[in-house]
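Right, one structure below, let's go through it.
The values are calculated or read from the model by the stated rules, or taken from the named source; none is laboratory data. Bear in mind that the values here come from a model prediction, so they are computed numbers and not experimental data. Quick reminder, even Gly has a Cβ in these numbers, built from the backbone with ideal geometry, and neighbours come from all protein chains shown.
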Amino acid sequence: MSELWQRALDELRERVSADMYEAWLRPLRCSALDEQGLAIEVPNRFYQDWLTSNYLQPILEAIERRAGWRPRRVTWIVNEALQAEMEAPAEPPASVPPRRSTPAPSRSVTSLNPKYCFETFVVGPSNQLAHAASLAAASDPGRRFNPLFIYGGVGLGKSHLVNAVGHRILRDLPHARVLYVSAERFTNEFIAALQNHRIAEFRQRYRVECDVLLMDDIQFLAGREQTQEEFFHTFNALHHHDRQIVVTCDVYPERIPEMQERLVSRFQSGMVADIQPPELDTRVAILHKKAELEGIVLPNDVALFVAQQVKSNVRELEGSLLRLAACADLAGRPLDLELAREALRTTHSVAERATTIDDVQRAVSEYFDVRLADLKSHRRHRSVTYPRMIAMYLCRERVGASLPAIGQSFNGKDHTTVLSAVRKIKGLLDANDPRTRAAVDAIERKLG
Ligand code: ADP
Ligand code: MG
């Protein structure tokens, strides 16, 4: 029995790459093999899934070629000892120079960020879906959510989640070849491969020797025709073999500018999950988590205060916490509310970019749905004069720009024009004109 099994494997060995063999076939044991059935011992249930979809047929065919019959049933036995064996470093025979009997775990090629794992990811309503989908993709790679497309604004945890998928798969399948790569790096490698005539190697790496592809920031491919073409074929090759693909992006697939239609439809063919900016409670929880990881003593009231101040993204939130901790350290004071108030006031004015005349003009033109050019023009139709006055008022009150500077930014208008606009809007606000109040409030909110 064991000879038949070994021969069948040897036959496969010649057909698959050495890495593949070491990773997927060598760890197996056969505990029964006859016409009735084949029992295969595997290190964990992921092997079972993987082998069933990738190698079972070739194994059965190889057996049939040798024995002239095919086992009628296949049973899988999860043998934890095999897992332990796989994780233990191989012991080289004394006389032979050290050499691993199994390939180094693919960690070397993944460059995953060790900090970004599921354990350190805080789940809240804003990221629940993306988190659940990532977890599902990680625990059943290539099956349920393939591809998984995660999108959301900067600093909201997209890279964190894809890295977590990679870590989780490697934990369960230590030999899985997980490739984590930014679209930018993919592009650069592709171009280098073209220049150095190593395209075959490049394709081997991405299309063949890859079990899980984690591609970060796919929006980088916008407008890059040739790289998109290459990625399209990479995608198909992997997907065809049920290899898990996870892609992140800063926008929804259809909104990536200059992206090939067929790629967009590939992205939409699996699971699409978004990440929104975290709610207050989630921000507080993230701060506590981060403090715990960094060994920072963070009182509840300080966490709440910081979470109320910093809303835009998690990276900023973390940055604020670290700055506060550093301030407390330097001042030799505990991290309390008083210190947080002082420190955030100063760092914030620097950290958060001040609103500019440009920002105001843009926000006003969006709010009233008038063209930017019309807003700045000398046109005197009421549909543009009123928005223009509001814009001038906000440039004065909110940006604090001088009257001549404002005039300049509206196609060289006189400062007296600006002054009368500012007065006019002030008057309307003082008189509690509802339309003006609503407009100013909404635009202020837009400006953040
Ligand atoms: P993105 O890739 O979306 O721009 P990142 O994944 O780089 O954002 O996240 C920015 C920072 O915020 C990282 O340090 C990450 O660990 C942290 N972060 C984001 N979301 C969470 C979360 N839900 N829980 C814990 N940390 C988070
Ligand atoms: Mg990122």
If we keep only residues of the range 120-157 that are within 13 Å of ligand 2 (Cβ to nearest atom) and surrounded by fewer than 23 Cβ atoms within 10 Å (Cβ to Cβ), then the residue nearest to residue 267 (Cα to Cα) is 153
Residue 220 passes all but one of the listed conditions (1) within 14 Å of residue 256 (Cβ to Cβ); (2) away from ligand 1 (no atom under 16 Å from the Cβ); (3) at pLDDT below 95; the exception is number (2)
Residues of the range 344-379 being modelled with pLDDT under 90 and part of a helix (DSSP H, G or I), in sequence order, are 344, 345, 346, 347, 348, 349, 350, 351
How many residues of the range 31-42 are crowded, with 18+ Cβ neighbours inside 10 Å and either in contact with a helix residue (DSSP H, G or I) (Cβ under 7 Å, 6 or more places away or on another chain) or over 27 Å from residue 211 (Cα atoms) (or both)? The answer is 3
Reported set for the range 33-55 where residues are modelled with pLDDT of 90 or more and either among the hydrophobic types (A, V, I, L, M, F, W, C) or more than 15 Å from residue 5 (Cα to Cα) (or both) is 33, 38, 39, 40
Picked from the range 176-207 (must be within 16 Å of ligand 2 (Cβ to nearest atom) and charged (D, E, K, R)), the residue surrounded by the most Cβ atoms within 10 Å (Cβ to Cβ) is 185
Picked from the range 158-171 (must be surrounded by 22 or more Cβ atoms within 10 Å (Cβ to Cβ) and in contact (Cβ under 8 Å) with a residue 60 or more places away in the chain), the residue nearest to ligand 2 (Cβ to nearest atom) is 158
Across the range 235-272, the tally of residues that are within 14 Å of ligand 1 (Cβ to nearest atom), at pLDDT 95 or above and either part of a loop (DSSP other than H, G, I, E, B) or not polar (S, T, N, Q) (or both) stands at 3
